[in-house]
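Values quoted throughout were computed directly from the atomic coordinates according to the rules given, and no laboratory measurement underlies them. The structure presented is a predicted model; accordingly, all values stated were derived computationally and were not measured. Don't worry about glycine lacking a Cβ; one is built from the backbone with ideal geometry, like all the others, and counts go over all protein chains shown.
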Amino acid sequence: MNTKAVYAAGAGVAVIAIIIFVFLGNSNFNFNPTFSSNPSSNQTASNGQPLELSIKNVNATKLDNNNAQVQVTFNIHNPNRSTFILETIQYTVGINNFTMAVGNIGTPPEGFVAGSGNVFPVIGNSTLTLKDPNPPVSLRDNLIGTSWDNMVAGKATYVIYGYYSYRSTTGGLDASTVERDFKLTFHP
């Protein structure tokens, strides 16, 4: 057998493999055909503007002389045309530099394929309102007593901070989760 032909065939296969790797391995390459008259619409859907988080309300309900349930209501606005999936909001409620409560909404998916039991679709150009289904409880002690009393009386100014994570529904398996920090102030 001719060794030059074998080497030529091997080199040809290697060149084809490199070409396939370069074009299909590039995350900007979109193999899904679209029928949009706007060529940038796909880029906006997968790389669109971030979800916008705001506080709609904070309500502290006194359970007894030492415990209060702290219910935070979030608004999540999607300024994009496509639907995004909100996976989780991890938050801390503070008053006068004291941590009053820590909570979370949703569950970040784990592994390659995850269930969607605790994720929330946010439809394009709409706002979703979410409350923690298990609001945290704040325990009164001597250190935070005055802040706790103001909280249950509805007179506190809250600082709510943490992070939220979401992903686009248009990226298929390439849709990566985005985490964004936030720090918001709420005056009742």
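Show me the ranking of peptides 60-68, 132-140 by mean Cβ neighbours inside 10 Å, starting with the highest. Spell out each step's value before the answer.
Values: 60-68: 14.6, 132-140: 16.6.
Descending packing order for the listed peptides: 132-140, 60-68.
Can you list, bin by bin at 10 Å, the percent of alpha carbon pairs in the stretch 49-186, starting at 0?
Result returned by the calculation: 12, 40, 28, 15, 5, 0.
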